[in-house]
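> Would you mind keeping the following structure in view while I ask a few things?
The values are calculated or read from the model by the stated rules, or taken from the named source; none is laboratory data. Computed from a prediction, not measured in an experiment: that's the story for all the values here. All Cβ positions, glycine included, derive from the backbone under ideal geometry; neighbour counts span all protein chains shown.
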């Protein structure tokens, strides 16, 4: 399981999670969709990586995420 929050520093409390930048998450989410990678549509949902993911798919996801993080910065 993993979560993705946009904020300065780690998320260790509920309050810190709620204070994360959901606008940036939304930009990241849509940038990933445009690149064919599907994440949960809310920053407050958990992601579940699959064990059987092919190396090619993992590499494509990493490439897409690098591009999407630039978009999310705005």
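> Only residues that are under 14 Å from residue 69 (Cα atoms), assigned to a loop (DSSP other than H, G, I, E, B) and more than 9 Å from the chain's Cα centre (by Cα): list them for the stretch 34-53, please.
35, 37
> Let me ask something additional. From the list 60, 31, 65, which one is touching a helix residue (DSSP H, G or I) at 6+ places or on another chain (Cβ under 6 Å), surrounded by 14 or more Cβ atoms within 10 Å (Cβ to Cβ) and either in a helix (DSSP H, G or I) or in contact (Cβ under 8 Å) with a residue 40 or more places away in the chain (or both)?
Numbers: 60 fails: touching a helix residue (DSSP H, G or I) at 6+ places or on another chain (Cβ under 6 Å); 65 fails: touching a helix residue (DSSP H, G or I) at 6+ places or on another chain (Cβ under 6 Å).
None of the other options fit; the residue is 31.
> Determine which single condition residue 71 fails, assuming it passes every other condition in (1) in contact (Cβ under 8 Å) with a residue 12 or more places away in the chain; (2) more than 10 Å from the chain's Cα centre (by Cα); (3) assigned to a loop (DSSP other than H, G, I, E, B); (4) surrounded by 14 or more Cβ atoms within 10 Å (Cβ to Cβ).
Result: residue 71 fails condition (3) only.
> Provide a single number: the residues in the stretch 34-56 that are more than 15 Å from residue 6 (Cα to Cα) and surrounded by 13 or more Cβ atoms within 10 Å (Cβ to Cβ).
2
> List every residue pair whose Cβ atoms lie under 6 Å apart, where the two residues are 6 or more positions apart in sequence or sit on different chains, the first residue falls within the stretch 1-13 and is over 16 Å from residue 68 (Cα atoms), and the second residue, located anywhere, is modelled with pLDDT under 90 and assigned to a strand (DSSP E or B).
Filtered contacts from the stretch 1-13: 2/47.
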